[in-house]
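The values are calculated or read from the model by the stated rules, or taken from the named source; none is laboratory data. Everything quoted here is computed from the prediction, not taken from an experiment. Methodologically, a virtual Cβ is constructed for each residue, glycine included, from the backbone with ideal geometry; neighbour enumeration extends over all protein chains shown. With ligands, DNA and RNA removed, areas are computed over all heavy atoms of the protein, side chains included. Shrake-Rupley method; radii C 1.70, N 1.55, O 1.52, S 1.80 Å.
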Amino acid sequence: MTATILFVAFAAMLLAAVPVGVSLGLAGALAIWLAGQSIMAMPTNVYAGIAKYPLIAIPMFVLVGAVFDRTGVALRLVRFATALVGAGRGALATVSVLVAMVIGGISGSGPATSAAVGQVVTDSMVKDGYPRAFIASTVGAAAATDILIPPSIAFIIYAVMVPGVSVPAIFAAGMIPGILAGLAIIVPILVISWLKDFGGKSRAEGDALTVWGTFKEAIWGLMAPIIILGGMRIGAFTPTEAAVIAVAYGLFIGFFIYRTLTLRDVYEMLVEAGELSAVILIVVALASVFAWSISTLGIVQPIADAIVGLGLGGAGTLALLVVLLIIVGMFLDGISIYLILLPILIPIANSFSWDLVWFGVILTMMIAIGQFTPPVAVNLMVSCKIARVPMEATIPWVIWMVLAMTIAMAMVAAVPDLALWLPRVLGL
C-alpha cells in the first residue's frame, strides 16, 4: 500500500508541474511518514546523496560545455567537418551529427550540445535547403549521442549509484556504442536527404573551405576529447580531475588561442554552470530520500521479483525494459530516470547475471532515444526552439532517427562486446 502511495504521489506531483527533485523528496518523505519511520532520516540522506567525490565532476563538465560553446569551438568544428565532407545532399546534416559527437567528448550534456550545435548550424542548413523541422530533428537526435560518448554526466551518476562500476570503465564502454549510435543516425539522414533533395543549395561557401585551413582552426577543439580521455587512460588524472583540466584547457583556448573570451564571459559562464549544476545536484540529493524510502520500506525487491517472475527470460525482460525506459525517457531526463529506477533495475540485472557496465550502456542508450522522442523530448525541445518550429512538425523525420538508434541499441544488446571490448583492452 505504501509503495502505491509513493509512486502515485510522485506521478501526481509531476503532472501538477512540481519540479522533479521536489517531487522525489516529498514523495519519499510521505512514504517514510506513512511507514512510521523517523523523518530525521531525510537530512542525513540528502547530505549522503551528494557527498560523493565523483559528483564533483558534474559542475566542472557543465562548465566545460559553456566554455567551449563561447570560445567558438563548435563553429570551427562545423567549418572543418564541412570542408571534410563537402557540399551536396545530406552533407551539412551529416556534419551536424559529427560535430555533436565531438562536442559530446567535451561536455556530456545532450541539451547543452543541442543548443550549441543548433545555434551554429540552423541558419546555414536553412540556406542549404533543409526544412526547419528536419534541422530540429537532426540536431536533437545528434545531441542524444552525447550522454553515450564520454565524458557523460549520466555515466557519472550511474557509476556513483552502482557498486562495482567505475567511472573510467563505463566511460570506455560508452565509446563504441556512442559512435555506433551517431553513425546509425546518419543513415536515415542521408537517405531522406537524397530522396527529398535536402542540401547542396549553397555550394559556394562549402567549396571555399579548405580541409587544411579549417583543420588548423579546429585542431584545438579536436584535441579536447583526446586530452580528457587520454589523460584518464594513462593515469595522469582521475575523471573528476579531468573535468578541471578540461575547463582550464577551454579557458586557455578562449583567452590565448581564439581570443574570444572576456572576464565578463567567464563570470556569466560561472553563473550559468552554477545554476545548472545546482539543479542537477538538488535532484540527486532529494532523489536519495526517494531511493532510501523504497529500499528501507522493502519496495524494491517485490517489484524486481514481479518483473523477473513474468517468465519472459533475459531477452524478453530486456525488451520490456527497452519499451518502458524509452517511454519514461520521453518525459524525464536521464539523471532523474537513473535516480528513480536504478534501485529497481539493478536487482533485475543481477537476477539475470548481466554485466553491470554493459547494462549501464544499454540503459543510457534507451534514455538517449527518449531524449529526442516526442512529446516531451528534452533535446528536441531545445533544437525546436532554435529552429523555430513546433515539436509535432518533427515527427515525420525524427521517427526514422529513433528507429535507427533503436537498431544500434539492439546491436549492443545482442553483442555485449561492442560495449565491453574497449574496457577489457584498456584493463579497466
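So what are the ³J(HN,Hα) numbers for segment 55-70, from phi and the Karplus equation (6.51, -1.76, 1.60; θ = phi - 60°), rounded to whole Hz, Gly and Pro as x?
5, 4, 5, 4, x, 5, 5, 5, 5, 4, x, 5, 5, 6, 5, 6
Cα to Cα, under 18 Å, and not fewer than 8 places away if on the same chain: which aspartates and glutamates meet these conditions relative to Lys196?
Partners within reach: Asp128.
Which whole-Hz couplings ³J(HN,Hα) result when phi for each residue of segment 76-90 is put into the Karplus expression 6.51 cos²θ - 1.76 cosθ + 1.60, θ = phi - 60°, listed in order with x for Gly and Pro?
5, 5, 4, 5, 5, 5, 5, 5, 6, 7, x, 9, x, 5, x
Measure off 7 Å from each Cα along the Cα-to-Cβ vector at Ile399 and Glu275, then give the distance between these two points in nanometres to one decimal.
Here the answer is 3.7 nm between the modelled labels.
Test of understanding: what is the full-extension gain from Ala11 to Asp123, defined as 0.36 nm times their sequence separation minus their Cα-Cα distance? Could you put the intermediate results ahead of the total?
On the way: separation 112, 0.36 × 112 = 40.32 nm, distance 3.91 nm.
Gain on stretching Ala11 to Asp123: 36.4 nm.
Going down the table (Lys52/Lys216; Lys216/Lys385; Lys52/Lys385; Lys201/Lys385), which pairs top 30 Å between alpha carbons? Let's see the in-between values first.
Details: Lys52/Lys216 40 Å; Lys216/Lys385 32 Å; Lys52/Lys385 35 Å; Lys201/Lys385 24 Å.
Lys52/Lys216; Lys216/Lys385; Lys52/Lys385, as the Cα separations exceed 30 Å there.
With a Cα-only, solvent-free Debye model of segment 242-315, what are the log10 I(q)/I(0) values at q = 0.13 Å⁻¹?
Computed log10 I(q)/I(0) values: -0.66.
Quick check: residue separation of Ile39 and Phe237 times 0.36 nm, minus the Cα distance between them. What number comes out in nm? Walk me through the numbers before you get to the answer.
Details: separation 198, 0.36 × 198 = 71.28 nm, distance 4.00 nm.
Net length gain for the segment: 67.3 nm.
From a point 7 Å beyond the Cα of Ala414 in the direction of its Cβ, which residues of segment 148-179 have a backbone N at a distance under 20 Å?
Counting only backbone N, you get 176-179.
In nm, to one decimal, how far is the modelled label at Phe255 from the one at Val323, with both set 7 Å along Cα→Cβ?
5.5 nm
Under the rule of -39500 (n - 2.57) per DSSP H run of 4 or more residues, summed and divided by the residues of the chain, what mean residue ellipticity at 222 nm is obtained, to the nearest 500 deg cm²/dmol?
Details: 21 runs with 324 residues, N = 428.
After summing the helix terms and dividing by the residues of the chain, the value is -25000 deg cm²/dmol.
Relative to the Cα centre, what is the charge dipole magnitude of the chain, using +1 at the beta carbon of each Lys and Arg, -1 at the beta carbon of each Asp and Glu, and rounding to the nearest 20 debye?
Numbers: 17 positive and 18 negative charges, 117 e Å.
The dipole magnitude comes to about 560 debye.
Share of the chain's accessible area from carbon and sulfur, percent, 1.4 Å?
Of all accessible area on the chain, carbon and sulfur atoms account for 71 percent.
With θ set to phi - 60° and the Karplus curve 6.51 cos²θ - 1.76 cosθ + 1.60, what are the ³J(HN,Hα) couplings of segment 215-221 in order, to the nearest whole Hz, using x for Gly and Pro?
So the Karplus estimates, Gly and Pro as x, are 5, 4, 6, 8, 4, 5, x Hz.
Using a 7 Å offset from the Cα along the Cα-to-Cβ direction at both Lys216 and Lys52, what is the distance between the two label points in nm, to one decimal?
4.7 nm
Quick one: Cα centre-to-centre distance for segment 144-197 and segment 65-131, in angstrom?
Here the two parts' Cα centres lie 17 Å apart.
Taking square-rooted eigenvalues a ≥ b ≥ c of the alpha carbon gyration tensor, is segment 299-351 rounded, prolate or oblate, where a/c under 1.5 means rounded and, failing that, a/b exceeding b/c means prolate?
Working: a/c = 2.38, a/b = 1.40, b/c = 1.70.
Oblate is the answer for segment 299-351, as a/c is 1.5 or above yet b/c matches or exceeds a/b.
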